[in-house]
Amino acid sequence: PSPANCNMGHVGCPCKEPFVTRNIFRGGGCKTPDPLEHDAPPPTGGEEEEEDMAAARGQKALATLVRSLRSDSISNSNAPRLRHLPSLRRTFSLYDQINLIDNVPEDQLRFQTYDDTGFKINNVKYEGSLLIVENKIMTWTPKTFADITAESLSIFKVVHPIPEILILGCGKYVQPVSPELRKFIRSTGMKLEAIDSRNAASTYNILNEEGRAVAAAVLPFGVDS
C-alpha cells in the first residue's frame, strides 16, 4: 500500500515493523515471511523493544502449552496415550516465527529449510520423504499421502522406547488420516499430530528442543494431494 493507505501509520510501505508483531499479534495486512525460508528483517531503534515484547508473548504461550501437556499426562496416566493436540500447530508455528532456529546443536536434528522436493537438516539437503526416529534420518517410501499406511510406519512395531508423539507431515496441505492408520498409531502408544509439512518441520524443531520424545514422518512440501 502507499504511505497514505498504510494502516500501521508508517511512511514508505512496505513497512519496517518486525513481521512477528505486525502480522501475528496485530493482524496487519502485509505478507508474513515463511519461518523456515526467510530471515526476519533486522530490528532498528524502538523496534527492538517491540520485537522483545512479541517474543516474550510467544514464549509465554509455549510455556503454557507445555505445562498443560505435562499436567494432562499426569492427571490421565491411566487413560489411553493417544490424545489430540489441538493447539500445537497454532502455538508452535507462532513460536517458530518469533524464535527462528539459526544455530544447529551438534547432538540434535533441526529442520532449517524446505522446498517442494525435500528438506535441509543440520546443513545437509535431503531429497524426498523422510522418517526421523531417535535423531536418526531415514529415507521414507511414501511419495504421496495415499501411500502412507501402517506398513510404511512398521518401524514403530520394533522401536524401543516408543516416541511419545509422531509428527506426520502431509505435504502442502493437511490431509484426513484414515481410521485404520489412526488405529495402528494408537496401538503403538504414540500421539499423532497430522499437519502440513512446513508446520511439521517447525513443530519437530520445537518439541525436539524441549527434549520431548518425538518422531517425524514428512512428505516434501510439493506434495499437494
Probe radius 1.4 Å, ligands and nucleic acids ignored: give me the carbon and sulfur share of the accessible area of region 129-224 as a rounded percent.
53
If you wrap region 129-224's Cα atoms in a convex hull and average its projection over all directions, what's the area in nm²?
5.3
If amide H atoms are built 1.01 Å from N in the plane of the peptide, which residues on other chains or at least 5 residues away come under 5 Å of the amide H of Ala213?
Glu164
With θ set to phi - 60°, apply the Karplus curve 6.51 cos²θ - 1.76 cosθ + 1.60 along region 137-145 and write out the HN-Hα couplings as whole Hz, x wherever there is a Gly or Pro.
9, 10, 5, 10, 5, x, 10, 9, 5
With contacts defined as alpha carbon pairs under 8 Å and 6 or more residues apart, what's the relative contact order of region 129-224 in percent?
40
What FRET efficiency do you get for Asp107 and Glu164 if R0 is 30 Å and r is their Cβ-Cβ distance, rounded to the nearest 0.05?
0.95
Within region 203-224: backbone nitrogen closer than 18 Å to the Lys136 label point (7 Å, Cα to C-beta):
213-218
With a probe of 1.4 Å, find how much accessible area region 136-188 has per residue, and write the answer as a whole number in Å².
58
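Count the lysine pairs in region 129-224 whose Cα atoms sit under 16 Å apart, keeping only pairs 8 or more residues apart in sequence or on different chains.
4
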Cα gyration tensor shape for region 114-163, rounded if a/c is under 1.5, else prolate or oblate
oblate
Amide H within-cut-off set for Thr113, under 5 Å, with H built and near neighbours excluded
Lys120
Name the long-range amide H neighbours of Leu192: under 5 Å, sequence gap of 5 or more, or other chain; modelled H, no Pro or chain starts.
Arg83, Leu166
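The values are calculated or read from the model by the stated rules, or taken from the named source; none is laboratory data. Computed from a predicted structure; not experimentally measured. Please note: Cβ atoms are built from the backbone with ideal geometry, for glycine as well, and neighbour counts cover all protein chains shown. Surface areas here come from the heavy atoms of the whole protein model, side chains and all, with no ligands, DNA or RNA. Shrake-Rupley method; radii C 1.70, N 1.55, O 1.52, S 1.80 Å.
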